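The values are calculated or read from the model by the stated rules, or taken from the named source; none is laboratory data. These figures come from a predicted structure and were not determined experimentally. Reconstructed Cβ throughout: ideal geometry from the backbone, glycine too, with neighbour counts over all protein chains shown.
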Amino acid sequence: MGEKSNSSERWLTAHHDPLASLYTFGSCMALADLHGDGDSKLIIADLGTGAYNMKLKVYKGTNLMSENTLIDLPTGVITFHMDTTEPRVPAVAVASGSYIYIYKNLRPYFKFTLPTLEVNPTEFDAWNQARDELLDVSMLYEILDSLRQEVGECGLTTRSQRFLMCHDHASQLTFLEQHKGFLLKRQTVVTCFSTLKKSHAEDDAISCLVLGTESANIFILDPEAFTILNSMSLPSVPVFLCVNGLYDVEYRIIVACRNGQIYTLKRGVKLGRPTAELTSQPVGLIRRDKSIIVATMDQYLYSFNNKGKRLWSLKLPAPVLCMESLEIRTLGLTLTALGLADRRVLVYRDKHLVDTIHTQDNVTAIKFGRFGREDNTLVMIMKGGSLLVKILKRTARFEVEESQGPSQAVAVKLSIPKKTKLFVDQTMRERENCVLMHRVFQHDLYRLRLSTARAYVSALDTSSNPVSLSQSEPLKLSAQVLGLGPTFKLRVELQNTSSVTPSLELAVVFHCDDRIYTVNQSFIQIPMLVPGIVHVAETLVTCISELGISDTVRVFVIKGKANRPLLTAVINMPVAEVFMAT
Amino acid sequence: MGMFDKLAFALGLKKREASVLVIGLDNSGKSTMLNHFKSEDQRTTDIVPTVGFNVEKFKARNVGFTAFDMSGQGRYRSLWEHYYHDCQGIIFVIDSSDKLRLVVAKDELDILLQHPEVRNRRLPILFFANKMDMREAVSSVKVSSALGLERISDKPWHITASNAVTGDGLHEGVEWLTNQIKENVGNNNK
């Protein structure tokens, strides 16, 4: 509940459209000032139903401004500056299948096609023979099927993959008839892409495109000529890219791959260097100044440094659906937002949870940035297709609470001294003689308890305690010493603690060593004690010893001619001040 | 106030002075609005985003206004509160075509109303639902409900649809503000 009120304190709900019917992911969203008017637009590549109705949608504020139909499913949308013409408006790049479509001013401008791959010769021959009707359909199917066992599904062309999906003879035949006339090509598809500034680091400098492909390659494209500037390979298929640096100077590409590994590519290398191994498949990758943050499918959030050393890890309460970096420049903060499968968006500052946003549905895509004229805007797409826009309040702060759980305590290293020889010897001895030691300890403990019990009994026997527990005379005694000496005043308060019975024939007797103290009135008769009333008996005690020592004075309460006192109080007398001065 | 001053005001010989604070989000049209009140020869043709604040003087119905044209950009909004103490009225300009940020305007208004310098004073607040000419602009009634103006019960307020470029609605609003300020000054002197 506390978190809930926190989130409403920090975020303003600017727009909520439950009927937006958007189906997209974080990589297919971008925020950019497409017209150079200071108003950032939201660009979304909508996957439609997943089979048709794919659209590139642009929102201006709360309104849908334009729609462009896409031919194939989009895998990513990015905005980048490809030239230096004025006004400085960015181009939109949409990755879809084997192509990158470039839009300028929201009009199609260029289509880049990924280079084709080499077709397996056996596969090539088989299709050629089938075309020339030297091979019948079932034979072709068998050859391709055995080839699939050999090189794997990915080694085949899409045509062969589709053909192998046709199970009955009739559909195989129609497929062959339809496609045999065309040239067999093996193409790869874009899995992820990003941008890399070419030679200047400014916000509106020209950027290269960095593509990750299904053929486990990374391509860097020239933004003007659309030629491949650099091609690098990886051991597995890249799924997330983080790029920083400048192409002409020095750059670093961090790639999270489908095999659960993170690789680093630098300028001048051709093969990715393994950096870190994850426990599961990655679902998001973010790069900070000197660290990488990765969310994995087994509900963990990891942070690694650039060398691949794990800095921290965090178990998350639910599976992660999406991840986004929140860079809040006004606060100088970079946070991490995670959309979880329990209808929450958690915001982390390093490994500390600083905010929770509760939503009505699971958030599948998050984008943070400048939208409209507001810098800190969080755009979220729900699983059900609704669009939610939240704006960070000007007054919002994300402070880490210092007392936040045991994570702080764990981090503090205990200062444990080195093991000495003595310590080791003692440990050995304890390990060997543990039974004996325990027995000795228990024996001594019993003896201690016994002597305590004896002392208690004797105290009860001699009534040398200041509270009488006897049923006949329940009394309470308290004594005070007043004065600095050598003459002190002893003040004894007696109280009858019974409810109704009065005490009769009581007397107070003071007893001390007569070489040290003289008591003015050592016997005081007490009148009848009415229950509850405090009676005060006072006497003067003079210290006569010249040695400057102090002793105890005993106070007894006696009743009639009884030979045992009812109560005893032992008063430790203070040292007389006069003797201390001399 | 002396007898002669009262007489002078009654006859309209001497001007009253009032300072007003002009606030609102960035790009809502505060400087454009004030530009309209300037005399013909002092007007600027291109308005640029205000940095910090500008002080403008104009006259309306025998009252000399000193307007503090505050910058609406996020990083300058913290300056607003330093001028609450000295002003006799507030003009809050809203871009009614920016539906996305109405909620931000509401948040800023809430902060304004909660401020100790404003909370306990009967400061008149004039709202301009600006940019009424824009196609996507919402009506002043909608702006009023989006900002929750009906909650303001302890201060006089007024909302006017305006177009700062052409000047539509500006004079109506300022006339209301002038009356309110005159009334306030009158009450204080009694």
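Can you tell me how many residues in region B:46-78 are within 14 Å of chain A (Cβ to nearest Cβ), of a type in the set (Phe, Trp, Tyr) and in contact (Cβ under 8 Å) with a residue 40 or more places away in the chain?
Total satisfying the criteria: 0.
Kindly indicate whether A:Leu12 is closer than 30 Å to B:Ala146 by Cβ, within 14 Å of another protein chain (Cβ to nearest Cβ) and modelled with pLDDT of 90 or more. Walk me through how you get there before you give the answer.
Details: closer than 30 Å to B:Ala146 by Cβ: yes; within 14 Å of another protein chain (Cβ to nearest Cβ): yes; modelled with pLDDT of 90 or more: no.
Considered against the rule, which asks whether it is closer than 30 Å to B:Ala146 by Cβ, within 14 Å of another protein chain (Cβ to nearest Cβ) and modelled with pLDDT of 90 or more, A:Leu12 comes out as no.
Just one of A:Thr158, A:Thr195 is within 25 Å of A:Ile253 (Cβ to Cβ) and not aliphatic (A, V, I, L, M); which is it?
So the residue among A:Thr158, A:Thr195 that is within 25 Å of A:Ile253 (Cβ to Cβ) and not aliphatic (A, V, I, L, M) is A:Thr195.
What number of residues within region A:486-523 are over 20 Å from A:Glu473 (Cα atoms) and of a type in the set (Gly, Ala, Ser)?
Number of matching residues: 1.
Tell me which residues, restricted to region A:183-203, are modelled with pLDDT of 85 or more and not in a loop (DSSP other than H, G, I, E, B).
A:Val190, A:Thr191, A:Cys192, A:Phe193, A:Ser194, A:Thr195, A:Leu196, A:Lys197
Only one of these conditions is not met by B:Glu81: (1) within 14 Å of another protein chain (Cβ to nearest Cβ); (2) under 21 Å from B:Ala129 (Cβ atoms). Which number is it?
Going through the list (1) within 14 Å of another protein chain (Cβ to nearest Cβ); (2) under 21 Å from B:Ala129 (Cβ atoms), B:Glu81 breaks only (2).
Does region B:111-123 contain at least one residue that is in contact with a Pro (Cβ under 9 Å, 6 or more places away or on another chain), away from every other protein chain (no Cβ under 14 Å) and at pLDDT below 90?
Initially, region B:111-123 is screened for residues in contact with a Pro (Cβ under 9 Å, 6 or more places away or on another chain), giving B:122-123.
Subset that is away from every other protein chain (no Cβ under 14 Å): B:122-123.
Going one step further and asking which of them are at pLDDT below 90, we end up with B:122-123.
Taking every residue of region B:111-123 in turn, at least one turns out to be in contact with a Pro (Cβ under 9 Å, 6 or more places away or on another chain), away from every other protein chain (no Cβ under 14 Å) and at pLDDT below 90.
So, in region B:84-109, how many residues would count as being more than 10 Å from chain A (Cβ to nearest Cβ), surrounded by fewer than 21 Cβ atoms within 10 Å (Cβ to Cβ) and out of contact with any Phe, Trp or Tyr (no Cβ under 9 Å at 6 or more places or on another chain)?
2
Output yes when any residue across region A:12-32 is of a type in the set (Ser, Thr, Tyr), surrounded by 15 or more Cβ atoms within 10 Å (Cβ to Cβ), in a strand (DSSP E or B) and out of contact with any Lys or Arg (no Cβ under 6 Å at 6 or more places or on another chain), and no when none is. Walk me through how you get there before you give the answer.
Of all residues in region A:12-32, those of a type in the set (Ser, Thr, Tyr) come to A:13, A:21, A:23-24, A:27.
Remaining after also requiring surrounded by 15 or more Cβ atoms within 10 Å (Cβ to Cβ): A:23-24, A:27.
Those still in the list that are in a strand (DSSP E or B) too: none.
No, because not a single residue in region A:12-32 is of a type in the set (Ser, Thr, Tyr), surrounded by 15 or more Cβ atoms within 10 Å (Cβ to Cβ), in a strand (DSSP E or B) and out of contact with any Lys or Arg (no Cβ under 6 Å at 6 or more places or on another chain).
Please go through (1) of a type in the set (S, T, N, Q); (2) within 22 Å of A:His15 (Cβ to Cβ); (3) outside any loop (DSSP other than H, G, I, E, B) for B:Ser97 and return the number of the only condition it doesn't satisfy.
Among (1) of a type in the set (S, T, N, Q); (2) within 22 Å of A:His15 (Cβ to Cβ); (3) outside any loop (DSSP other than H, G, I, E, B), B:Ser97 violates only (3).
Out of the residues in region A:355-379 that are within 14 Å of chain B (Cβ to nearest Cβ) and free of Cβ contacts under 8 Å to residues at least 60 places away in the same chain, state the one that is nearest to the chain's Cα centre (by Cα). Walk me through how you get there before you give the answer.
Here is the first cut: in region A:355-379, the ones within 14 Å of chain B (Cβ to nearest Cβ) are A:369-379.
In the following step, the residues that additionally are free of Cβ contacts under 8 Å to residues at least 60 places away in the same chain were identified as A:375-376.
Values: A:Asp375: 26, A:Asn376: 22 Å.
So, considering only residues that are within 14 Å of chain B (Cβ to nearest Cβ) and free of Cβ contacts under 8 Å to residues at least 60 places away in the same chain, the one nearest to the chain's Cα centre (by Cα) is A:Asn376.
Hey, could you check region A:37-55 for residues that are in a loop (DSSP other than H, G, I, E, B) and either in contact with a Gly (Cβ under 8 Å, 6 or more places away or on another chain) or among the acidic types (Asp, Glu) (or both) and say which is farthest from A:Asn105 (Cα to Cα)? Break it down stepwise before answering.
Step one: filter region A:37-55 for residues in a loop (DSSP other than H, G, I, E, B), giving A:37-39, A:47-54.
Keeping just the survivors that are either in contact with a Gly (Cβ under 8 Å, 6 or more places away or on another chain) or among the acidic types (Asp, Glu) (or both) gives A:37, A:39, A:54.
Details: A:Asp37: 13, A:Asp39: 14, A:Met54: 19 Å.
Among those residues, the one meeting the criterion is A:Met54.
Looking at A:Thr501, A:Thr452, A:Thr462, which one is exposed (fewer than 15 other Cβ atoms within 10 Å of the Cβ), at pLDDT 85 or above and either among the hydrophobic types (A, V, I, L, M, F, W, C) or farther than 30 Å from A:Glu577 by Cα (or both)?
Working: A:Thr501 fails: at pLDDT 85 or above; A:Thr462 fails: at pLDDT 85 or above.
Criteria check complete, one pass: A:Thr452.
Can you tell me which residue within region B:150-190, out of those that are of a type in the set (A, V, I, L, M, F, W, C) and in a loop (DSSP other than H, G, I, E, B), is nearest to B:Pro124 (Cα to Cα)? Let's see the steps before the verdict.
Going through region B:150-190, the residues of a type in the set (A, V, I, L, M, F, W, C) turn out to be B:152, B:157, B:159, B:161, B:164-165, B:170, B:174, B:176-177, B:181, B:185.
Still in the list and also in a loop (DSSP other than H, G, I, E, B): B:152, B:164-165.
On the way: B:Ile152: 11, B:Ala164: 20, B:Val165: 24 Å.
Result: B:Ile152.
For region A:62-111, how many residues meet the condition of being surrounded by fewer than 15 Cβ atoms within 10 Å (Cβ to Cβ) and in contact with a His (Cβ under 7 Å, 6 or more places away or on another chain)?
Selection size over region A:62-111: 1.
Got at least one residue in region A:147-158 being over 20 Å from A:Ser236 (Cα atoms) and of a type in the set (Gly, Ala, Ser)? Give the derivation first.
Initially, region A:147-158 is screened for residues over 20 Å from A:Ser236 (Cα atoms), giving A:147.
From the residues that got through so far, the ones that are of a type in the set (Gly, Ala, Ser) too are none.
For region A:147-158, residues over 20 Å from A:Ser236 (Cα atoms) and of a type in the set (Gly, Ala, Ser): absent.
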